[in-house]
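To start, the structure under review is shown below, and the notes come after it.
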Amino acid sequence: MTLQLGNATSLTCRECGKTMPLGPLYACEDCFGPLEVGYDLPRLTRADIQAGPLNIWRYAPLLPVPADIASRATTEPGFTKLVRADRLARELGMRRLWIKDDTGNPTHSFKDRVVAVALAAAQEMGFKVLACPSTGNLANAVAAAAARAGIRSVVMVPANLERQKILTTAVYGGTFVTVDGTYDDVNRLASELAGERDDWAFVNVNVRPYYAEGSKTLGFEIAEQLGWRIPEQIVVPIASGAQLVKIDKGFAEFAGLGLVEQSKWRVFGAQATGCSPVSQAFANGWDVVKPVRPDTIAKSLAIGNPADGPYVLDVVRRTGGSIADVSDEEVVDAIQLLARTQGIFAETAGGVTVGVLRKLLASGQLDPDAETVIINSGDGLKTLDAVAAAVGVPQAIPATLEAFQASFGER
Amino acid sequence: MVNLRVPTILRSYTGGAAEVRCEPGTLREVIKSLDAAYPGIGGRLLDDGGKLRRFVNVYVNEEDVRFADGLDTNVPEGAQVSIIPAVAGGA
């Protein structure tokens, strides 16, 4: 049976180049390398894309999804706002800064993009259950997407996750498993389970090649929303690293198709110091990533053994970018800076990205005069504990003018 | 004996078996005896230079061997070894 996944034609190993037919494969049978979806890309114009729906399916010809995907039951993620961040730019001494605010997705993180693509591919391949190991945002997205499509979900998370992310997963009513251990422990369990359950699609394990392609839509949207132009610099948070790698791929595909002019862009990566294996590898000049045990409030980025780490290093070095990491204190401070200047409440990952933006400007690695985009991948409402201690909650006053004057009269 | 869990993509070597047993020793010795029992499987785990391939994760009793001594990690009697493709995950 030939799978109907749009213009996708094959899977190719990124390590050894071996090509195989489309299917529920995720690691090369020869060398264990990750597999990449290959396409027979169509001729595509700006008008073709603009005629599509205001969600990621406007780019369906560039994704491994059936041609009729826009008419199926999906959460319709994407086309989130690209916010011109003049006040933050001024504070940081930058000429032009944009925030791709992916909190506008159905479950308030970029994960809705990748899950929508994974679900479409999984259904086409005959899987009956949508599953994942997650640090929270993915759990939300999988549980919601499965509910919308009317299939069972199985979501696995570390038990010590933020309570907001636990509740916003449980509400959708799928099978919900909390595990005593780190995300890397949960991930290993999921990898072993994926080998035992033939009809379970673990979105980020056994259908990962398709899933990861969803992040290209961040690159597509940024380019389209800038007026069909690729920004000179982009700062992306790194967990597994797939998002950063796929944004770069999205830019390259748009340029290759002639949808934007060929230009140079530089890709920068952001990690929390308490889980910074890719930043450490970059600083040390390594081309592989040594796993670490995460210890940071930025739990959505707390992957100690990031699958795409080596490819992040490739992309960042090829484009002339850089990778840096910031402490938990800097993360909390950056969350407040973004909220205060732009009225955007980011989760800890957004704090990591803004913190690293500031750090790279201070060290001169990021050009303040070059047009820059940063990714805000998730919503601050999901990580309230991170800012609870830092954000002052005022004492209540009596409902009298006198009391107000006494407390706030000077302000 | 040591209990070794085989990932799906290597089960063509083990006649479909998801678990196999071998003698204790260092991880390098375990892989060598595994390859003797199931010829060719060693080359899937180790590259031409004899190093663990970069997209293979091996756990001995839940411990990632990259945190221990790599191929020199001791695999004691009764240990559980899991081989898992590293290409998984993403928050």
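Each reported figure results from applying straightforward, stated rules to the coordinates on display, with no laboratory input. Here the structure is a predicted model, which means the values were calculated and not measured. Reconstructed Cβ throughout: ideal geometry from the backbone, glycine too, with neighbour counts over all protein chains shown.
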Going down the list A:264/B:51; A:18/B:51; A:111/B:51, which pairs span over 27 Å between their C-alpha atoms? A:264/B:51; A:111/B:51
So which GluC sites (Glu not before Pro) in chain B pass both tests, a DSSP loop state and at most 11 other Cβ atoms within 10 Å of the Cβ? B:62, B:77
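Between residue A:50 and residue A:87, what FRET efficiency follows from the Cβ-Cβ distance if R0 is 25 Å, with the result rounded to 0.05?
0.25
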Taking the square root of 5 times each eigenvalue of the Cα gyration tensor, what semi-axes in Å does the equivalent ellipsoid of the protein assembly as shown have, largest first? 38, 27, 23
Could you state the angle between the C-alpha long axis of helix A:242-256 and the longest principal axis of the C-alpha atoms of chain A, as a value from 0 to 90 degrees rounded to the nearest 10? 70 degrees
9 Å beta-carbon shell around residue A:370, net charge (K/R +1, D/E -1): -1
Taking the DSSP beta bridges in chain A as the whole, what percent of them are antiparallel, to the nearest 5? 35 percent
Over what distance in Å are the Cα centres of the range A:263-337 and the range B:1-71 separated? 30 Å
Any idea how far the Cα center of the range A:375-398 sits from the one of the range A:233-250, in Å? 27 Å
Whole angstrom only: what separates the Cα centroid of the range A:39-115 from the Cα centroid of the range A:150-223? 21 Å
Treating only the Cβ of Lys, Arg, Asp and Glu as charged (+1, +1, -1, -1), what charge dipole size does chain A show about its Cα centre? Round to the nearest 20 debye. 580 debye
Shape of chain B from its Cα gyration tensor (a ≥ b ≥ c, root eigenvalues): rounded if a/c is under 1.5, otherwise prolate when a/b > b/c, or oblate? rounded
Using DSSP to define loop residues, name the GluC sites (Glu not before Pro) in the range A:158-212 whose beta-carbon has at most 15 other beta-carbon atoms within 10 Å. A:196
